[in-house]
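Nothing in this text is a laboratory measurement; each read-out follows from the coordinates by a stated rule. Quantities reported herein were computed from a predicted structural model and do not represent experimental measurements. Methodologically, a virtual Cβ is constructed for each residue, glycine included, from the backbone with ideal geometry; neighbour enumeration extends over all protein chains shown.
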């Protein structure tokens, strides 16, 4: 699995100078969205609201949130809630169930596994690992690529 790109703010933090990473390459900058945290929807579950309150301050400090992120952040938080609920069921009832066919994996195991996959996808595509925002960025063309013998 390929490692997601490092967010632009972190590349610049470890960089050589204005707009340049530690390798001397121009860092993509995200589009100029207004950086205002979205308001949580009223219908979020209790656990999802708690996750919203947990992640929003950190994403805000990094200037990674915008109002347009509300739907994806809501889906992330509800997926977290599903993951937590399924994990609690497994902890309470065990990994397996007894059925007519014999011992089977508890259905909550699959639910937790699927929610975990979705969480990783949201984290990668959203603000917790903002590779999608970085991918939208652009590098100004200063002609340096033409002198790079390793570029296409």
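Structural remarks
- Put in line by how crowded their Cβ is, counting other Cβ atoms within 10 Å and starting with the fewest, 98, 21, 63 read 98, 63, 21.
- Counting every other Cβ atom within 10 Å of each residue's Cβ, 52, 43 order from fewest to most as 43, 52.
- A simple spin-label model places pseudo-atoms 7 Å from Cα toward Cβ; at residue 62 and residue 36 they are separated by 2.3 nm.
- Taking the inverse of the mean 1/r over every pair of distinct Cα atoms in the range 45-136 gives a Kirkwood hydrodynamic radius of 14.5 Å.
- Taking the range 39-53 and a reference point 7 angstrom along Cα→Cβ of residue 71, the backbone N atoms nearer than 19 Å belong to 39-45.
- Neighbour-count ranking [beta-carbon atoms within 10 angstrom, fewest first] of 68, 47: 68, 47
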